[in-house]
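Computed from the coordinates by the stated procedures, all read-outs in this text should not be read as laboratory data. A quick note: this is a predicted structure, and the numbers were derived from the prediction, not measured. Cβ: placed from backbone, ideal geometry, glycine included. Neighbour counts: every protein chain shown.
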């Protein structure tokens, strides 16, 4: 090989090696944060587990458990809808629907409603699991159906809000919003405050509509699109809403987290936080997870920051949910992480299984219910290790 060719080859090899090193470092940076050893200060016990359907990993579906106070209901992508005793996990009924399910269940008024991949809303009797009706909603839905009084609200991924009669599924009203050229996969599940339905759309808008008529009461542009490209202008509202009293909390991707007055849409306060997971709340705080996986707690009254925790960066944590004295999230490797709701320090960790947890955990009474993308459902409680008192708090003679 002559010198010019040899030099040329060396230059190409050098460039390739440098490129590999450069991209290798970049790949290393983009890996999920490794978990560090945890000094567990809170004991969590699994009280039961069950299978609720086939694997739905990577599909980003809207399937998560729901409760009505006396039972827990869960749906699987394979079409299974199951009711469980919340204390023992004993199966009460199961209905295997002949379709793939994408969202639900929504539970109230003696009905369980799910949506299917082929564009149907399906209502079951909550007591027996018997199918009551099945109607076409003309699109896939990834938002949990909302049931209020005699109305079912479903939202499709093409930005349509459909109101159906609970008794027979007849269409009551429809509200349609325009969609941008590029959107993320997902939808914010609508909620109801009083007689007002609150829904978020891919345009970055929040709309409040009258439950009975669908008349728009107010609109708020939570996340105005920015930038020149369609990617830069993504501003979807795909995460959960939270409502405490008459205050509403929401967040948008590449936008803001805000508190709004539910009766008028007036913005009470806002913070520049990008999240596609949404917001949860208790009486004192609101919680969210940024799009990079950082968990943030803010004061509910004014939005001032309380704490941040960056230990789950790029681990795709779910929305933090208040549970006991903690907030809990699931992650892409099937772990459940418990953080103190006071200062954000980790207090417990356990693993449901090897499959990702993308569904927001459910808290009902003093129990936690978690569904994995692998179709596993588990119930947990906090173990109280405090010694039991052997003496009464007040003497029997009143002294």
### For segment 239-285, radius of gyration divided by Kirkwood radius, i.e. Rg to Rh on alpha-carbons
0.94
### Query
Taking the Cβ-Cβ separation of residue 217 and residue 271 as r and a Förster radius of 22 Å, what is the calculated FRET efficiency to the nearest 0.05?
0.30
### Task
Of all alpha-carbon pairs in segment 132-211, indicate the percentage at a distance above 14 angstrom.
58
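Work out, step by step, the length gained on full extension between residue 55 and residue 39: first 0.36 nm times the residue separation, then minus their alpha carbon distance; give nm to one decimal.
Gain on extension, residue 55 to residue 39, equals 2.5 nm.
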### Inter-centroid distance (Cα atoms) of segment 67-107 relative to segment 296-357, Å
26
### Message
Shape verdict for segment 44-85, please, from the Cα gyration tensor: rounded (a/c under 1.5), prolate (a/b greater than b/c) or oblate.
### Response
prolate
### Task
Kindly state, to the nearest 0.05, the FRET efficiency for residue 366 paired with residue 178, given R0 = 30 Å and r defined as their beta-carbon distance.
0.10
### Task
First check a/c for segment 255-311, with a ≥ b ≥ c the square roots of the eigenvalues of its C-alpha gyration tensor; if it is under 1.5, answer rounded, and if not, answer prolate when a/b is larger than b/c or oblate otherwise.
prolate
## Note on the structure
Binned at 10 Å starting from 0, the alpha-carbon pair-distance distribution of segment 75-118 in whole percents comes out as 28, 52, 19, 1
### Message
For a bin width of 5 Å, list the pair-distance distribution of segment 73-168 built from all Cα-Cα distances, rounded to whole %.
### Response
3, 15, 28, 25, 18, 7, 3, 1
### Task
Per residue, how big is the convex hull around the C-alpha atoms of segment 284-348? Give it to me in cubic angstrom, could you?
71
#### Entry: Per-pair calculated FRET efficiency, R0 = 45 Å: residue 345 and residue 165 via Cβ, rounded to 0.05
0.40
### Rg/Rg_globular for segment 26-124, with Rg_globular taken as 2.2 N^0.38 Å and Rg from C-alpha atoms
1.36
### Fewest-first sequence of 138, 34, 219 by Cβ atoms within 10 Å of each Cβ
34, 138, 219
### Query
How big is segment 268-393 on each of its three principal axes, counting only the C-alpha atoms and giving the largest first in Å?
53, 38, 23
